[in-house]
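Have a look at the structure below before the remarks.
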Amino acid sequence: MRDGLGLQPGMKVGLFGGSFNPAHEGHVHVAETALRRLGLDRVVWLVSPQNPLKSTQEMAPLALRMASARPAASKAGPAMLVSDFETRANTRWTVDTLRVLKARYPGVRFVWLMGSDNLASFHHWRGWTDIMRMMPMAVVARPGSLLDSLTAPAAARFARYRIPAAQAGLLASLKAPAWTYLTAPLNPRSSTSIRANGGSLVGKG
């Protein structure tokens, strides 16, 4: 399977999944923060063909969301890659996508990335405990979700595996489960607010 990622053994790679409907500065904030604080070589934006937990009614076609993600990712520099890997791998659930990636790139040190708004509902994901045990995870603070995320079932269940943010640079080298919570200047942009204000998918950062 040709996926165009070009990942090499030994690389530290963040996997940043989402609908990106559309991509925006909040996504860039999460990706940039993780790249810098974790010392990553790459961040792969995994554009989902369809999030099983989200409605299909407001979901733009994959091609438009890929077109939205590319300029957003480029703002964070050449270490960012935008991929439709899930479509190519024919996976629907994140846990299955990550299994395929780990099998495809056994020498790469992956870290799963998410905003804190997703951690608050992470326990609703299929195989969420498997994801936590499959690879380290970094959660980047997002507006309006700090308290909910830190008291979320996932945070509570894996509390003893959380490492201090000051040690985040070690995360990619740790055996899962291991996770950290990163705070940084917050960016309030969200895909929902962009759509509500009539924003276009193409060209939004």
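The values are calculated or read from the model by the stated rules, or taken from the named source; none is laboratory data. Everything quoted here is computed from the prediction, not taken from an experiment. Please note: Cβ atoms are built from the backbone with ideal geometry, for glycine as well, and neighbour counts cover all protein chains shown. The accessibility values were calculated without ligands, DNA or RNA, using every heavy atom of the protein model including side chains. Shrake-Rupley method; radii C 1.70, N 1.55, O 1.52, S 1.80 Å.
In table form, for the structure just shown:
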item	result
Any chance A152 is under 23 Å from I163 (Cα atoms), at pLDDT below 90 and open to solvent by less than 50 Å² (accessible area, probe 1.4 Å)	no
Set A103, A76: member being out of contact with any Pro (no Cβ under 6 Å at 6 or more places or on another chain) and not in a loop (DSSP other than H, G, I, E, B)	A103
Matching residues in region 127-149 - criterion: being at pLDDT 95 or above and out of contact with any strand residue (DSSP E or B) (no Cβ under 9 Å at 6 or more places or on another chain)	G127, W128, T129, D130, R133
Answer from L171, L201 - the residue that is in contact with a helix residue (DSSP H, G or I) (Cβ under 8 Å, 6 or more places away or on another chain) and either at pLDDT 95 or above or not hydrophobic (A, V, I, L, M, F, W, C) (or both)	L171
Residue among A178, A172, A79, A168 that alone is touching a residue at least 24 places away in the same chain (Cβ under 8 Å) and in contact with a Ser or Thr (Cβ under 9 Å, 6 or more places away or on another chain)	A168
Any hit, region 95-115, residues being open to solvent by 40 Å² or more (accessible area, probe 1.4 Å), farther than 12 Å from F16 by Cα and of a type in the set (F, W, Y)	no
Only one of P185, P164 that is more than 16 Å from A60 (Cα to Cα), exposed (fewer than 13 other Cβ atoms within 10 Å of the Cβ) and at pLDDT below 95	P185
Number of the condition not met by T91 [criteria: (1) free of Cβ contacts under 8 Å to residues at least 24 places away in the same chain; (2) open to solvent by less than 30 Å² (accessible area, probe 1.4 Å); (3) in a helix (DSSP H, G or I)]	(3)
Residue ranges of helices (runs of 4 or more DSSP H) in region 112-162 with at least 2 members among the polar types (S, T, N, Q) and under 20 Å from L46 (Cα atoms)	116-119
Residues of region 27-44 that turn out to be closer than 10 Å to A73 by Cβ, open to solvent by 10 Å² or more (accessible area, probe 1.4 Å) and small (G, A, S), as a count	0
Residue list for region 66-116, filter: under 13 Å from G4 (Cβ atoms) and among the acidic types (D, E)	D84
Subset tally (residues that are open to solvent by 20 Å² or more (accessible area, probe 1.4 Å) and either of a type in the set (D, E, K, R) or modelled with pLDDT of 90 or more (or both)) for region 4-17	6
